[in-house]
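One structure is given below, encoded as structure tokens.
The values are calculated or read from the model by the stated rules, or taken from the named source; none is laboratory data. Predicted, not measured: the structure shown is a model, and the values here were computed from it. With ideal geometry, Cβ positions are generated from the backbone for all residues, glycine too; neighbour counts draw on all protein chains shown. Note: accessible area is taken over every heavy atom of the protein model, side chains too, but ligands, DNA and RNA are not part of it. Shrake-Rupley method; radii C 1.70, N 1.55, O 1.52, S 1.80 Å.
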Amino acid sequence: MSQWIERARELDAQDPIAAFRDAFVIEDPNLIYLKGNSLGRMPKPAAERVRRTTEEQWAGRLVRAWNEGWYELASGIGDKISQIIGAEPGEVILSDSTTINLYKLAHAVLQANPGKTKVVTDTLNFPSDFYALQSVAKQFGGEVVVVSSEDGLTVTPEAIEAALDAETALLSLSLVCFRSSWLHDGERLTKAAHGVGAMALWDLSHAAGSVAVALRHWNADLAIGCTYKYLSGGPGAPAFLYVRKDLQESLVQPLWGWFGQERPFEFDLEYSPASGLAKFLVGTPPILSMVPIECGVDLLIDAGMGSVRAKSTALTDFFLQIFDAELSPLGFRLQSPHEAQRRGAHVSMGHDEAYRISRALIEKMNVVPDFRAPDNIRFGFAPLYTRFEDVALACERLHHVMVERVYESIPAERLTVT
Ligand SMILES: *Cc1c(COP(=O)(O)O)cnc(C)c1O
């Protein structure tokens, strides 16, 4: 295995965005953290931002702080996120959680298309997305059509296109699928949805900050996504939503609340929606959870998404080289696409003992991957702070767990959060 470590150090030395790792808190330099696709590492400026917001603004300015920046925070950070996902200023805003935003936007689409009741998604989508889509479809007497994956890893554009028809109101997919890392063709599928008169809604949770997203170029209608994964916004940080400018006036947001009202501080008992994106808000934004999001987003903007995507591809390519040579012979199955252009920034591998192996990595080897039932270990390679050396070290430690059978001492009962 030592030749891989040497090769990794060469790749790190040539990495144009290697220095961004220094912008994150690394408490334990020996920890190989490969779960940035689930909870991103903390940017160094985040603690100071939260301190200023609590000690100076909350404690010192109290309610006056709403007029000193808090009120505009959701749209200000949204405008920065728009640079990462290829949208325009005024098209992205922070609000609620990803699931709630999906509900709001899917509901708006079905309401705008009376008579069209079909929602198309695929089996690679995230369960929470299914639940929200099913709930919306049910309210409109519609149905969710689920395109299945033949190999459990991929869904071809042809298969999605075949499910779209004149009854379809909405195509809703995860751009990067959470389990296999399959990366859909956003441009082609948006076009296919438009071809049947449907709208396309992209869940960018595993895509924002890891792959090239060009919402405006694709003419995408709607999008949503998490900020606590590759954007490093912090645990439970609010999500973002995107609504293309020309749709903002006509769509009706179903959860009417005062932050979506035209003039919230006139306390009018009649609801009249705000113009523009503000209409997609509901209630008071969680300022303390929002403040740190800007730190990770600024870093991604500084690095440039072109360089970020190039590194994510290089990291996963390097992992696959080691996988083919060292891990595949130990009984691991690759459960992600081999072609880099169809893969996000994480890689999944299957093994019959996946759960005990992943716990052995965490508890005995200081490597944090994640486990997704039933047999999947995911390695997430967040491009801003993951080194090529981390990739090689993780593989070396995994190799050790297998040849020394370290996982056999781990109980098979599952912990609550895996
Ligand atoms: C992580 C993730 C979510 C999480 O939604 P929350 O409402 O923030 O819990 C939703 N969709 C996808 C595709 C995800 O990867």
In Å, the Kirkwood hydrodynamic radius from C-alpha pairs for the range 114-267 sits at 16.4
Of the candidates 66, 95, 147, the farthest towards the positive dipole end of the range 55-209 (Lys/Arg Cβ +1, Asp/Glu Cβ -1, centred on the Cα centre) is 66
Using alpha carbon centers only, the range 29-83 is separated from the range 170-240 by a whole-angstrom value of 23
With label points set 7 Å from each Cα along the Cα-to-Cβ direction at residue 255 and residue 97, the distance between them in nm comes to 1.0
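Which value, in debye to the nearest 20, gives the size of the charge dipole of the chain about its Cα centre, when Lys and Arg are +1 and Asp and Glu are -1 at the Cβ? Before the final figure, lay out each step's value.
Working: 39 positive and 53 negative charges, 78 e Å.
My answer is approximately 380 debye.
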When the charge dipole of the chain is computed with +1 at the Cβ of Lys and Arg and -1 at the Cβ of Asp and Glu, the Cα pointing farthest to the positive end, of 82, 284, 4, is that of 284
Residues meeting the amide H criterion for residue 26 (H placed from the backbone, H to H distance under 5 Å, 5 or more places apart or on another chain) are none
Heavy-atom accessible area of the range 169-270 with neighbours in place, 1.4 angstrom probe: carbon+sulfur share in percent works out to 55
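Take the alpha carbon gyration tensor of the chain, find the square roots of its eigenvalues, order them as a ≥ b ≥ c, and report rounded if a/c is under 1.5; if not, report prolate when a/b exceeds b/c, else oblate. Display every interim value, and only then the final one.
Details: a/c = 2.00, a/b = 1.34, b/c = 1.49.
Judged from the Cα gyration tensor, the chain comes out oblate (a/c at least 1.5, b/c at or above a/b).
My understanding is that a pair violates if its Cα-Cα distance is over 23 Å; which of 118/279; 80/311; 35/311; 35/191; 44/229; 116/229 do that in this structure?
On the way: 118/279 25 Å; 80/311 21 Å; 35/311 17 Å; 35/191 33 Å; 44/229 16 Å; 116/229 34 Å.
Listed pairs above 23 Å: 118/279; 35/191; 116/229.
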Note on the range 218-277: the mean projected area of its alpha-carbon convex hull, in nm², is 5.6
In order over the range 328-345: 3J(HN,Hα) from phi, Karplus 6.51/-1.76/1.60, θ = phi - 60°, whole Hz, x for each Gly or Pro, gives 3, x, 8, x, 7, 10, 6, 10, 9, x, 6, 7, 4, 6, 10, 10, x, 9
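Please go through the range 120-188 and write out the GluC sites (Glu not before Pro) that DSSP classes as loop and that have at most 16 other C-beta atoms within 10 Å. Working shown, then result.
Details: sites: 143, 150, 158, 161, 167, 187; in loops: 150, 167.
Filter output for the range 120-188: 150.
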Residue-ordered couplings for the range 187-202, obtained by feeding phi - 60° into the Karplus form 6.51 cos²θ - 1.76 cosθ + 1.60 and rounding to whole Hz (Gly and Pro as x), are 5, 5, 6, 4, 4, 5, 4, 4, x, 9, x, 9, 9, 10, 10, 9
GluC sites (Glu not before Pro) in the range 270-329 lying in a DSSP loop, each with at most 11 other Cβ atoms within 10 Å of its Cβ, come to 270
Across 151, 302, 185, the residue with the highest GNM fluctuation in the chain (Cα network, 10 Å cutoff) is 151
Note on the range 82-222, DSSP bridge orientation, antiparallel percent to nearest 5 equals 5
Of 298, 317, 352, the most mobile residue in a GNM of the chain (C-alpha springs, cutoff 10 Å) is 352
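With a 1.4 Å probe and every protein chain left in place, work out the accessible area per residue of the range 151-260 in Å², rounded to a whole number. If you can, show how the numbers build up before the last one.
On the way: 3400 Å² over 110 residues.
With the other protein chains kept in place, the range 151-260 gives 31 Å² per residue.
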Correct response: the longest run of the chain lacking exposed trypsin sites (Lys or Arg not before Pro), defined by DSSP loop and at most 15 other Cβ within 10 Å, is 1-404
HN-Hα couplings for the range 360-374 via Karplus (6.51, -1.76, 1.60; θ = phi - 60°), in whole Hz with x for Gly/Pro, come out as 5, 4, 6, 7, 10, 10, 6, 10, 10, x, 10, 10, 10, 4, x
Rounded to the nearest 5, the percent of DSSP beta bridges in the chain running antiparallel is 50
